[in-house]
Amino acid sequence: MIIGKIDYINLLPFYVFLKKELKHSADKAALTYYKGVPSHINRLFIKGRVEAAMISSIVSKKYACTDFGIVAHKRVKSVIVCPGENKEDEESNTSNVLAKVLGIKGEVIIGDKALLKTDGCIDLAQKWYERYRLPFVFARFCYKKNPKAYKALAKKFLHSHTKIPHYILSRYTKRSGLSHKEIKNYLQLIDYKIGRKEKQSLKKFFQLQR
């Protein structure tokens with residue numbers, strides 16, 4: 001398995017799960033090697049450098065995907081627009097489009113760095129929910145090869161209850177500037193199952209961004 005890795009806190013449970021699930025050292029090494037921000041992982045996936053990855057929703061519509069994704073039912077805190085000049089986040093694809101769809105101007109900021117900003121910033125998932133009463137799907141786990149294996153992997157994760165070890169939380173605390181409690185509270189805002197309402201939301205988003 002060659003899986004691209006987005007090293008954001010919102011996918012921390014999945015990578016803890018993978019650490020136990022991947023049996024071959026080559027698969028674990030690939031996960032370490034093929035990592036980066038969402039826009040970079042999107043490019044690796046499109047070029048076929050990785051077999052599967054959590055790719056941006058806006059990119060995923062062209063590919064075969066599982067029902068595992070990054071979902072926010074209301075707030076998300078890690079995808080925001082802050083006051084200032086209009087500026088896209090180079091790490092993002094979906095969030096930049098979402099800001100335009102919602103007609104929100106300012107600087108788009110995503111990922112762990114967004115969790116440290118609050119003053120005057122707008123939560124894009126919250127705005128989407130207020131307007132359409134739907135959760136927002138930021139990314140989907142998609143694949144180019146071995147559909148049976150990757151579907152099974154996604155399904156197993158969705159039925160797992162992964163606990164993040166203290167030492168890993170401490171590593172991300174040091175890196176992000178957030179406390180253990182703040183990281184855990186943030187993860188409570190993230191869901192991973194793409195069900196009926198989530199698919200309805202994706203359809204709405206794809207229609208609006210055309």
Calculated [θ] (222 nm, deg cm²/dmol) that DSSP helices of n ≥ 4 give over the chain, each run adding -39,500 (n - 2.57): -13000 deg cm²/dmol
Total formal charge among the other residues, if their Cβ is under 11 angstrom from that of H73, Lys/Arg +1 and Asp/Glu -1: +3
With Cα atoms, 0 to 90° folded angle of helix 147-158 axis to the chain main axis: 70 degrees
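Given a 1.4 Å probe, how much area per residue of the chain is accessible, in Å²?
On the way: 11000 Å² over 210 residues.
Accessible surface, normalised per residue, equals 52 Å².
Using a 1.4 Å probe on the protein chains only, how many percent of the accessible area of the stretch 1-137 belongs to carbon and sulfur? Don't skip to the end; give the middle numbers.
Details: 3090 of 6210 Å².
It is 50 percent, rounded to a whole number.
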Computed accessible area, T66, all protein chains, 1.4 angstrom probe, square angstrom: 10 Å²
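Could you compute the net charge surrounding Q188? Neighbours are other residues with a C-beta less than 13 Å from the C-beta of Q188; K and R count +1, D and E count -1. Please list the in-between numbers first.
Details: positive: K74, R75, K77, K181, K184; negative: E182, D191.
So the environment of Q188 carries a net charge of +3.
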C-alpha center-to-center spacing [the stretch 1-27, the stretch 185-210] in angstrom: 22 Å
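The values are calculated or read from the model by the stated rules, or taken from the named source; none is laboratory data. From a predicted model like this one, the values you see are computed outputs, not experimental measurements. Every residue, glycine among them, receives a Cβ derived from its backbone with ideal geometry; neighbour counts consider all protein chains shown. Only protein heavy atoms, including side chains, enter the accessible area calculation; ligands, DNA and RNA are left aside. Shrake-Rupley method; radii C 1.70, N 1.55, O 1.52, S 1.80 Å.
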